[in-house]
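S.K.: Quick one: this structure, given as structure tokens, is what I'll be asking you about.
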Amino acid sequence: MVEYDKVLQDRSFFENSGGGVTISGGECLAQPEFTIELAKKLFEQGISVDIDTCGYVKQNIFERIAPYVDTFLYDVKAIDSEVHKKCTGRDNGLILDNLKYLCQIGSKVEIRYPYVPGWNDTECDAIGKFLKDLPILKIKVLGYHNFADGKYEALNMPNTLPDVK
């Protein structure tokens with residue numbers, strides 16, 4: 001059972017501001033049972049739920065959570081699978097298929113394109129062409145930053161992020 005009483009303590013803030021809860025992570029859908037249960041409970045209480053995702057999960061997870069989500073905040077890092085692999089280590093076929101699926105079932109989707117010079121900066125046109133016929137709410141281009149450097153250092157972990165300014 002998900003403990004969400006602390007979230008409900010902010011109900012008056014959500015009601016007065018028109019806000020809600022964004023469930024993010026890492027990848028919040030990597031823990032699908034928790035995330036689906038939390039989204040459902042919040043939805044049942046009339047609290048808006050957004051999911052921040054890279055889309056790299058099985059489609060059935062989107063099938064199960066979509067009824068409880070107001071907006072998916074969806075990362076698109078690249079269309080070219082080799083560029084995507086360079087950036088993330090993974091193929092993007094599942095991610096792009098899931099994005100099309102969410103659009104097909106009528107989910108609201110906001111795209112986030114993390115723009116990393118020297119890594120995926122050649123993908124802007126391809127992303128635009130891929131998205132042009134999809135019913136996307138908006139597209140945000142997020143400039144890369146290295147704010148996580150200190151976290152890696154504090155955790156004594158190797159920083160595998162690009163050294164880009």
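S.K.: Look through segment 62-94, keep the residues that are free of Cβ contacts under 8 Å to residues at least 12 places away in the same chain and in a loop (DSSP other than H, G, I, E, B), and return whichever of them is surrounded by the most Cβ atoms within 10 Å (Cβ to Cβ).
M.R.: Asp91
S.K.: State the number of residues belonging to segment 109-139 that are basic (Lys, Arg), open to solvent by 80 Å² or more (accessible area, probe 1.4 Å) and not in a helix (DSSP H, G or I).
M.R.: If we filter segment 109-139 for residues that are basic (Lys, Arg), which is where we start, we get 112, 129, 132, 138.
Now narrow it down to the ones that are open to solvent by 80 Å² or more (accessible area, probe 1.4 Å): 129, 132, 138.
From the residues that got through so far, the ones that are not in a helix (DSSP H, G or I) too are 132, 138.
Number of matching residues: 2.
S.K.: Let me ask you something else. Restricting to segment 147-161, and then to whatever is within 19 Å of Cys54 (Cα to Cα) and not small (Gly, Ala, Ser), can you tell me which residue is most open to solvent (accessible area, probe 1.4 Å)? Steps first, answer last, please.
M.R.: First pass over segment 147-161, keeping only residues within 19 Å of Cys54 (Cα to Cα): 148, 160-161.
Filter once more, keeping what is not small (Gly, Ala, Ser): 160-161.
Values: Thr160: 115, Leu161: 68 Å².
Looking at the filtered set, the residue picked out is Thr160.
S.K.: Based on this model, can you work out whether Lys6 counts as over 22 Å from Asn98 (Cβ atoms), open to solvent by less than 80 Å² (accessible area, probe 1.4 Å) and of a type outside the set (Phe, Trp, Tyr)?
M.R.: Numbers: over 22 Å from Asn98 (Cβ atoms): yes; open to solvent by less than 80 Å² (accessible area, probe 1.4 Å): no; of a type outside the set (Phe, Trp, Tyr): yes.
Taking the combined requirement at face value, the residue does not satisfy it.
S.K.: What's the total number of residues in segment 55-104 that are more than 26 Å from Asn159 (Cβ to Cβ) and small (Gly, Ala, Ser)?
M.R.: Matching residues across segment 55-104 total 2.
S.K.: Please work out which residue is farthest from the chain's Cα centre (by Cα), limiting yourself to segment 34-61 and to residues that are within 21 Å of Phe130 (Cβ to Cβ) and open to solvent by less than 20 Å² (accessible area, probe 1.4 Å). Step through it out loud before you land on a result.
M.R.: Taking segment 34-61 as the starting set, the residues that turn out to be within 21 Å of Phe130 (Cβ to Cβ) are 51-57, 59.
Going one step further and asking which of them are open to solvent by less than 20 Å² (accessible area, probe 1.4 Å), we end up with 51, 53, 55, 57.
Details: Ile51: 6, Thr53: 2, Gly55: 7, Val57: 11 Å.
Across segment 34-61, the extreme among qualifying residues is Val57.
S.K.: Looking at the structure I just gave you, is Val109 at pLDDT 95 or above, under 21 Å from Ile51 (Cα atoms) and in contact with a helix residue (DSSP H, G or I) (Cβ under 6 Å, 6 or more places away or on another chain)?
M.R.: Working: at pLDDT 95 or above: yes; under 21 Å from Ile51 (Cα atoms): yes; in contact with a helix residue (DSSP H, G or I) (Cβ under 6 Å, 6 or more places away or on another chain): yes.
Taking the combined requirement at face value, the residue satisfies it.
S.K.: Could I ask something else about it? Report every pair of residues separated by at least 6 positions or lying on different chains whose Cβ atoms are under 7 Å apart, first residue within segment 139-155 and without any contact (Cβ under 8 Å) to a residue 24 or more places away in the chain, second β-branched (Val, Ile, Thr) and open to solvent by 90 Å² or more (accessible area, probe 1.4 Å).
M.R.: none
S.K.: Is it fair to say Thr35 is more than 17 Å from Tyr101 (Cα to Cα) and part of a helix (DSSP H, G or I)? So that I can check it myself, show each step before the final result.
M.R.: On the way: more than 17 Å from Tyr101 (Cα to Cα): yes; part of a helix (DSSP H, G or I): yes.
Judged against the criteria, Thr35 is a match.
S.K.: Could you tell me which residue of segment 13-32 is nearest to Glu110 (Cα to Cα), considering only residues that are in a helix (DSSP H, G or I) and open to solvent by 70 Å² or more (accessible area, probe 1.4 Å)?
M.R.: Residues of segment 13-32 that are in a helix (DSSP H, G or I), as a first pass: 13-17, 28-30, 32.
Remaining after also requiring open to solvent by 70 Å² or more (accessible area, probe 1.4 Å): 13, 15-16, 30.
Values: Phe13: 23, Glu15: 22, Asn16: 23, Ala30: 20 Å.
My answer is Ala30.
S.K.: Just the residues that are under 19 Å from Val7 (Cβ atoms) and among the aliphatic types (A, V, I, L, M), please, taken from segment 25-69.
M.R.: Listed by number, the residues that qualify are Leu29, Ile36, Leu38, Ala39, Leu42, Ile47, Val49, Ile51, Ile65, Val69.
S.K.: Can you pull out the residues in segment 95-104 that are farther than 13 Å from Val83 by Cβ and either crowded, with 16+ Cβ neighbours inside 10 Å or touching a residue at least 40 places away in the same chain (Cβ under 8 Å) (or both)? Even if it seems obvious, please write down each step before you answer.
M.R.: Going residue by residue through segment 95-104, those that are farther than 13 Å from Val83 by Cβ are 97-104.
The answer is Asn98, Leu99, Tyr101, Leu102, Cys103.
The values are calculated or read from the model by the stated rules, or taken from the named source; none is laboratory data. Computed from a prediction, not measured in an experiment: that's the story for all the values here. Cβ atoms come from the backbone with ideal geometry, glycine included; neighbour counts cover every protein chain shown. Keep in mind that these areas ignore ligands, DNA and RNA; they rest on the heavy atoms of the full protein, side chains included. Shrake-Rupley method; radii C 1.70, N 1.55, O 1.52, S 1.80 Å.
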